[in-house]
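Written below as structure tokens is the structure these notes are about.
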Amino acid sequence: MKSFPPSQHLCLIGWNHKETGLILLFPIIFQMQIPTDDTRTVVCSPKCFSPWVFSKSKRNYCSNTTIVCFLLSLPFQPDSAGVHTAGESNMADFVSKSVVKSAERELATPLAGKAVLNTIVGNILADNPWGCTPYTSGGETFPAVAKSSEYYSGAVIYENNDGKQVGRISVRSPASGAFDTIIATILADNTIETAMGGTPSHDSSEDGYSITLKCHAANGELYNVTFKRDKVSISSYESDSILTTVETWADTVSELA
């Protein structure tokens, strides 16, 4: 059987007195060279195992006592081989290499419509107000700032003559123009109107939209800026200078106050 360097182990000693049935349990720590994955039970009956336990009547106790030793092989303290203490893991710890941050600004007033959003984003793509730089990845060159995701959502509702909503069609589109086309098509479809049993309408104030820009900072970081109807968020950045740059710019855009 494979053995390991000596280390301290926990041993639970039990004395069972045959006449009274009294059981005394004492944990002790001792040093022993055993396999670390071994668990065993040892039974022995020495006459005078521990005088400080039996006191004056140790002779009677010893003659009528069975000592049972439960040996748990988990080391209690690290030995020279670097074994961890009981209950600890031998696995290496993860070490933090960076701190990725995010920030969000709730708009005091939601954007009036998707046309406003598209104007703001169009100006960013044209003017690059955050000083981003082009970069190369996997042999391909990417622009300093570019759209990475975009969607527009809304609904057409149907109401009967009593003003009760009897139907609803939700719409989500990856482009602004396509969204307008789909909404107009649904509103003009008499077949759907008849099937729904109500008059269709579209309330643009309930529309939602989101555009995310992927940006490459001058320091080499890639981060995202997402514009929604009621908020602007920055994510996946590390340097606080990125937040400062975007925030300073946003303060100059009245719709983003």
field: Pick from the range 205-257, criterion small (Gly, Ala, Ser) and in contact with a strand residue (DSSP E or B) (Cβ under 7 Å, 6 or more places away or on another chain), ranking: nearest to Thr133 (Cα to Cα)
entry: Ala217
query: Within the range 137-161, can you find the residues that are surrounded by 14 or more Cβ atoms within 10 Å (Cβ to Cβ), over 32 Å from the mean Cα position of the chain (by Cα) and not aliphatic (A, V, I, L, M)?
result: Tyr158, Glu159
statement: Those residues of the range 119-163 that are assigned to a loop (DSSP other than H, G, I, E, B) and more than 21 Å from Thr191 (Cβ to Cβ) come to a total of 13
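A short reminder: the numbers here are calculations on the coordinates, not readings from a lab. For clarity, every value in this text was computed on a predicted model and none was experimentally measured. Every residue, glycine as well, gets a Cβ built from its backbone with ideal geometry; the counts of neighbours run over all protein chains shown.
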